[in-house]
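Below is one structure; the comments refer to it alone.
Just so you know, all these numbers are worked out from the coordinates, no wet-lab data involved. Predicted model, so just to flag it, every value in this text is computed and none were measured. Methodologically, a virtual Cβ is constructed for each residue, glycine included, from the backbone with ideal geometry; neighbour enumeration extends over all protein chains shown.
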Amino acid sequence: MRNFTNLFGGKKKSATMAKERLRLVLIHDRASLPPGVMDQLRDELIEVISRHIEVDRDAVRIEIVQDGRNQHLQAEIPIKPARVPLTD
Amino acid sequence: MAKTARVITITSGKGGVGKTTATANISAALAALGNKVVCIDADIGLRNLDVVLGLENRIVYDLVDVVEGRCKLRQAMIRDKRLEDLYLIPAAQTRDKNAVSPKDMIRICDELRKEYDFIIIDSPAGIERGFKNAIAPADEIVIVTNPEVSAVRDADRIIGIVEADQKGPAKLVINRINMEMVERGDMLAVADVLELLAVELIGIVPEDQAVLVSTNRGAPIALEPKSKTGQAFRDVARRLAGEEVAFSTANGGGNFFGRISKLIRPKAGS
């Protein structure tokens, strides 16, 4: 049965799942930032930046990255190419 | 010659990971190495270090008796039956943690520092008063965890609290690792836990039924020369005493250790 599940899509090892889940949980625990607040932060950042420059909303990525026990908020905010109107 | 003891608190956040067992074994192993050691049970109301060490029948006074002035500090210190340089100050069983304050713990440890090499404090689970009492006098913190999600998460919280409290970077003992489960991918490996927690490793202790047997007898497994688990605790003691001791391959050190060596010590400035 186990091999059968592995053949179709492959079941992840439970230790791998534990590590992946812990990685995310620890990031949010350390920053005292519940996962839901990240979405809010993302929306607010886009709103502020959009006042000055047009960004590609769907491609914006914001995440907390770990470096040892330090954490950084990392944002990737692609800018839409400026549409320069053609003048006669 | 005047001594200046190092005060080391053993804590974990989560209950049931093996703090008391680790305290008993590390204390016994340090004493067997020739150090003068006092261990203090800071788990007021739920004392257990006495039974794990097999000293429960000798208790007359306890930590709260000392704090409230009913006896001298020396009267509450029980000498171990096997090791003449190992002493226990038991917790009170019929009181709660508010009977002791962080200041009391600092005062008691300062009184002991001059005459001993190590003061090892067994912290209660949680992050409340009992935990604060236990870490108040500490020079160093040892965190015990199991390779399991809730224990690792709680360990991370404690590491953060200890860092914020300026107790220096905590050191980690990974207890109850089962290498068969690690090998089939069903238990976090030592390298995984270290990568997640990013602190210095000072011990890998295998899961071993013999620990329960030794607790039944009230005789720390660290004093059984042939036991691998006993050896793992003796290695923790030697590392705490400043020796460089390689991690054994059988316990998930060895080849794992090569991969994780960069993760063992947190980066400077962090």
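For B:187-199, what's the mean count of beta carbons from other chains sitting within 10 Å of each residue's beta carbon? Walk me through the intermediate numbers first.
Working: counts 4, 6, 2, 0, 1, 6, 3, 0, 4, 7, 3, 6, 2.
Averaged over the peptide's residues, the number is 3.
For A:Arg69, list long-range residues whose amide hydrogen, built 1.01 Å from N in the peptide plane, is under 5 Å from its own amide hydrogen.
Those lying under 5 Å, H to H, from A:Arg69 are B:Lys267.
Non-local amide H neighbours of B:Ile177 (under 5 Å, H modeled in plane, Pro and chain starts lacking H): which ones?
So B:Ile177 has HN proximity to B:Val205, B:Glu207.
Can you run phi through the Karplus equation (6.51, -1.76, 1.60; θ = phi - 60°) for region B:47-54 and list ³J(HN,Hα) in whole Hz, with x for Gly and Pro?
In residue order, the calculated couplings are 6, 8, 4, 4, 6, 5, 8, x Hz.
Over chain B, with a Gaussian network built from C-alpha contacts below 10 Å, which listed residue (B:Asn48, B:Asn25, B:Asn98) shows the highest mean-square fluctuation?
B:Asn98
Charges on Cβ only, +1 for Lys and Arg, -1 for Asp and Glu, centred on the Cα centroid of chain A; of A:Val55, A:Gln74, A:Thr16, which one is farthest towards the dipole's positive end?
Projecting each Cα onto the dipole axis, the largest value belongs to A:Thr16.
Rounded, prolate or oblate: pick one for chain A, where a ≥ b ≥ c are the square roots of the eigenvalues of its C-alpha gyration tensor, a/c under 1.5 means rounded, and failing that, prolate if a/b is larger than b/c, else oblate. List each step's numbers first, then the result.
Working: a/c = 3.63, a/b = 1.78, b/c = 2.04.
Cα axes put chain A in the oblate bin.
Which whole-number percent gives the relative contact order of chain B, counting Cα pairs below 8 Å spaced six or more residues apart? Don't skip to the answer; put the middle values down first.
Details: 557 pairs, mean separation 65.2, N = 270.
It comes to 24 percent, rounded to a whole number.
List the DSSP H helices in chain B whose Cα atoms stretch 15 Å or more along the helix axis and whose mean Kyte-Doolittle hydropathy is at least -1.0. Working shown, then result.
Numbers: long enough: B:19-32 (19 Å, 0.63); B:102-113 (16 Å, -0.65); B:149-164 (23 Å, 0.68); B:228-240 (18 Å, -0.85).
Passing helices, by number: B:19-32, B:102-113, B:149-164, B:228-240.
From the backbone phi of region B:9-17, what are the Karplus-calculated ³J(HN,Hα) couplings (6.51 cos²θ - 1.76 cosθ + 1.60, θ = phi - 60°) in whole Hz, Gly and Pro given as x?
9, 9, 9, 7, x, 6, x, x, 8
Determine the alpha carbon to alpha carbon distance for each of B:Lys171/B:Lys228; A:Lys12/B:Lys167; A:Lys13/B:Lys19; B:Lys72/B:Lys103 and list only those over 27 Å.
Details: B:Lys171/B:Lys228 21 Å; A:Lys12/B:Lys167 39 Å; A:Lys13/B:Lys19 29 Å; B:Lys72/B:Lys103 17 Å.
As for pairs spanning more than 27 Å Cα to Cα, those are A:Lys12/B:Lys167; A:Lys13/B:Lys19.
B:Arg157 versus A:Val48, label points 7 Å from Cα toward the beta carbon: distance in nm?
Output for this residue pair reads 3.0 nm.
Viscosity 1.002 mPa s, temperature 20 °C: what is the translational diffusion coefficient of chain B from Stokes-Einstein with a Kirkwood Rh over Cα pairs, rounded to a whole number of µm²/s? Don't jump to the answer; show the numbers that get you there.
Details: Rh = 18.5 Å.
It diffuses with D of about 116 µm²/s by this estimate.
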